[in-house]
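*Asks:* Let me give you the structure first, and then I'll get to my questions.
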Amino acid sequence: LVLPSPGGDRAIRKRNDGYVDDVNTWAGKIERDLGDVEEVMYDLQVRAQGLTDLNEVSGGSTAFHKCACQLLSRRSTGKTLEINYEMEGVGMVLTDAKGAASRIRMLSPSGTNKGLGYFQAVDANQKVEYEERMGKIKKTCSAANSARLQYSEAKQLLERRLLMQTRYGLTLSQFTKAQCERMSAQINKTFLLLMRINRHMPRAVVYGPVRWGGLGLNTDMYCLQLQCAMVYLVRVLRWDKIVADDIITAIDALQLRSGFVSPVLEEVSTPIVHAGKGWLLNLRAMMREYDVSAQIEHLWKPSLQRENDVALLEAFSKIDGIKPREMILASEFRIWLW
């Protein structure tokens, strides 16, 4: 799988990503052709079978019943391109060293696959991950309510267990503000009472730092999600390795897809509603909510052709009352002309 940057100086290159005993095998095409799906599935099966054979040669084995295959493709609906959720006629069969064949389980683009304690779907669906995080919060809160905890014990449980395990998922999550507010309400309803604090205390006091007269409780999940995402983004960019190249390439692709000339993570005041869903778009929406911007080096920067020109989609996005559907159609028309 090779996804080049619009600038042509870097690309996302994926073959096999492995961590301990978990491996992801990638294949893909960016050209539009009627045989794309069959060709991609053939390439994916060849590479997956090669990895299985290599594993067998070294004395290992592959648990086919734990394997899953997902395909992300788009189809034309007459007006725009939408994700294809129909998986008819698509499948994969792998064989072991003895020649026994196994049909690999196929997941739809909205199907979630658990990897390293995080549920992810290729269409950016976060429903299962949210339910999992919310379930863990409710379980911890229920256990805390049934125990007789002192102030210090309740605060330690909140900061050292509940928030720590929640922060892990918030690093890459794409929860909406409403979902985060429900998570915060569940935590505050439980732990403010355990800490002998009125649960109707103004949230500015609950979330505010101690030096300014607040309680310093970091239970605002929407703000915490932004903090975790920004820390992760800055960390991998400073490392300047494979993940940094992948993120920079993804930002370049978002820049091209948005149709904006101003850097998408530096100028966040204009919303982007026509580029689908994803971690970067959710991060940008949170940055816009809290008036945060990020200036990143080595990004591809589009330029206007003539003086007094404007980026059409950027100008359209600033029109009061314009609908997301209208922005999507304008974006598709721009891509068709290009």
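The values are calculated or read from the model by the stated rules, or taken from the named source; none is laboratory data. Just so it is clear, the model here is predicted, and its values are computed rather than measured. No Cβ is skipped: glycine too gets one built from the backbone with ideal geometry, and neighbour counts run over all protein chains shown. With ligands, DNA and RNA removed, areas are computed over all heavy atoms of the protein, side chains included. Shrake-Rupley method; radii C 1.70, N 1.55, O 1.52, S 1.80 Å.
*Asks:* For the stretch 1-72, what is the accessible area per residue in Å² when the probe is 1.4 Å?
*Replies:* For the stretch 1-72, the solvent-accessible area averages 69 Å² per residue.
*Asks:* Identify which of ALA100, ALA121, ALA294 has the largest mean-square fluctuation in a Gaussian network model of the chain, with springs joining Cα atoms closer than 10 Å.
*Replies:* Residue with maximal mean-square fluctuation among ALA100, ALA121, ALA294: ALA100.
*Asks:* Over the stretch 291-338, average the accessible area per residue using a 1.4 Å probe and give it in Å², no decimals. Write down the numbers at each step before the final one.
*Replies:* Numbers: 4100 Å² over 48 residues.
Per residue, the stretch 291-338 has an accessible area of 85 Å².
*Asks:* Say the dipole of the stretch 98-228 comes from +1 at the beta carbon of Lys and Arg and -1 at that of Asp and Glu; which of ALA147, GLN186, LEU107 then lies farthest toward its positive end?
*Replies:* Sorting the options by dipole projection puts first ALA147.
*Asks:* Is it possible to state the helix-based mean residue ellipticity at 222 nm for the chain, with each DSSP H run of 4+ residues giving -39500 (n - 2.57), the sum divided by total residues, to the nearest 500 deg cm²/dmol? What is it?
*Replies:* Here the helix-only value at 222 nm equals -14000 deg cm²/dmol.
*Asks:* While we're on this one: Please list the radius of gyration and Dmax for the stretch 117-190, considering alpha-carbon atoms only, with Å as the unit.
*Replies:* That works out to 13.2, 44 Å for Rg and Dmax.
*Asks:* Express the accessible area of the stretch 134-244 per residue in Å², computed with a 1.4 Å probe while the remaining protein chains stay in the model. Walk me through the numbers on the way to the answer.
*Replies:* Working: 6500 Å² over 111 residues.
Counting only protein heavy atoms, the per-residue value for the stretch 134-244 is 59 Å².
*Asks:* Mind putting together the pair-distance distribution for the chain? All Cα pairs, 10 Å bins, whole percent per bin, short to long.
*Replies:* Calculated over all Cα pairs of the chain, the distribution is 5, 20, 27, 25, 16, 7, 1, 0 percent.
*Asks:* Considering only the other residues whose Cβ falls under 13 Å of the Cβ of LEU215, what net charge follows from Lys and Arg at +1 and Asp and Glu at -1?
*Replies:* +3
*Asks:* Could you check how much of the accessible area of the stretch 243-329 is carbon and sulfur, as a whole percent, using a 1.4 Å probe?
*Replies:* So the carbon and sulfur contribution to the accessible surface is 51 percent.
*Asks:* Okay, moving on. If I stretch the segment between GLU181 and LYS318 completely, what's the gain in nm (0.36 nm per residue apart, minus their alpha carbon distance), one decimal?
*Replies:* 46.5 nm
*Asks:* What does the stretch 153-210 give for Rg and for Dmax, in Å, if only its C-alpha atoms count?
*Replies:* Calculated on Cα positions, Rg and Dmax stand at 12.1, 33 Å.
*Asks:* Still on this model: Evaluate the distance, in nm, between pseudo-label points positioned 7 Å from the Cα of ARG74 and of VAL243 along their respective Cα→Cβ axes.
*Replies:* 2.7 nm
*Asks:* So how strong a dipole does the chain carry about its Cα centre when Lys and Arg Cβ are +1 and Asp and Glu Cβ are -1, to the nearest 20 debye?
*Replies:* 1660 debye
*Asks:* Return the distance in nm (one decimal) between the two label points of a simple spin-label model at ILE83 and ASP96, each offset 7 Å from Cα along Cα→Cβ.
*Replies:* Using points 7 Å along Cα→Cβ, the separation is 3.4 nm.
*Asks:* Sticking with this one: Under 28 Å between alpha carbons, and skipping anything fewer than 8 positions from LYS136 in its own chain: which lysines qualify?
*Replies:* Qualifying lysines at Cα under 28 Å: LYS66, LYS114, LYS127, LYS155, LYS177, LYS189, LYS277.
*Asks:* Divide, for the stretch 135-238, the radius of gyration over alpha carbons by 2.2 N^0.38 Å, where N is the residue count.
*Replies:* 1.09
*Asks:* In the Gaussian network model of the chain, springs joining C-alpha atoms below 10 Å, which of GLY276, GLY28, GLY213 carries the largest mean-square fluctuation?
*Replies:* GLY213
*Asks:* Under a no-solvent Debye model with one identical scatterer per Cα of the stretch 219-317, what's log10 I(q)/I(0) at q = 0.14, 0.15, 0.17, 0.23 Å⁻¹?
*Replies:* Results for the stretch 219-317 at q = 0.14, 0.15, 0.17, 0.23 Å⁻¹ read -0.55, -0.62, -0.79, -1.33.
*Asks:* Between rounded, prolate and oblate, where does the stretch 254-295 land on the alpha carbon gyration tensor, with a ≥ b ≥ c its root eigenvalues, rounded for a/c under 1.5, else prolate if a/b exceeds b/c?
*Replies:* Here the stretch 254-295 falls in the oblate category.
*Asks:* Further question: What is the calculated FRET efficiency for ASP53 to THR171, with r their C-beta to C-beta distance and R₀ = 30 Å, to the nearest 0.05?
*Replies:* 0.30
*Asks:* A further question follows. Give the residue list of trypsin sites (Lys or Arg not before Pro) in the stretch 56-140 that are DSSP loop and have at most 11 other beta-carbon atoms within 10 angstrom. Numbers along the way, then the final one.
*Replies:* Values: sites: LYS66, ARG74, ARG75, LYS79, LYS98, ARG103, ARG105, LYS114, LYS127, ARG133, LYS136, LYS138, LYS139; in loops: LYS79, LYS98.
Here the sparse-neighbourhood loop sites are LYS79, LYS98.
*Asks:* Would you work out which of MET134, ALA294, LEU1 lies farthest towards the positive end of the dipole of the chain? Charges go on Cβ: Lys and Arg +1, Asp and Glu -1.
*Replies:* Most positive-ward Cα: MET134.
*Asks:* Quick check: convex hull over the Cα atoms of the stretch 1-98, volume per residue in Å³, rounded to an integer?
*Replies:* For the stretch 1-98, the hull spanned by Cα atoms encloses 136 Å³ per residue.
*Asks:* On a full-extension model of 0.36 nm per residue, what is the gain between MET201 and VAL128, subtracting their alpha-carbon distance, rounded to one decimal in nm? Numbers along the way, then the final one.
*Replies:* Details: separation 73, 0.36 × 73 = 26.28 nm, distance 3.17 nm.
Roughly 23.1 nm would be gained on extension.
*Asks:* Please compute the modelled spin-label separation between VAL234 and GLU267, points set 7 Å along Cα→Cβ, answer in nm with one decimal.
*Replies:* 2.4 nm
*Asks:* Turning to a different aspect of this structure: Which whole-number value in Å³ per residue fits the convex hull of the alpha carbons of the stretch 37-145? Walk me through the numbers on the way to the answer.
*Replies:* Numbers: hull volume 15.3 nm³, N = 109.
Value for the stretch 37-145: 140 Å³ per residue.
*Asks:* Can you tell which of ILE12, ILE319, ILE187 shows the greatest fluctuation in a Gaussian network model of the chain with Cα springs below 10 Å?
*Replies:* Ranking ILE12, ILE319, ILE187 by mean-square fluctuation puts ILE319 first.
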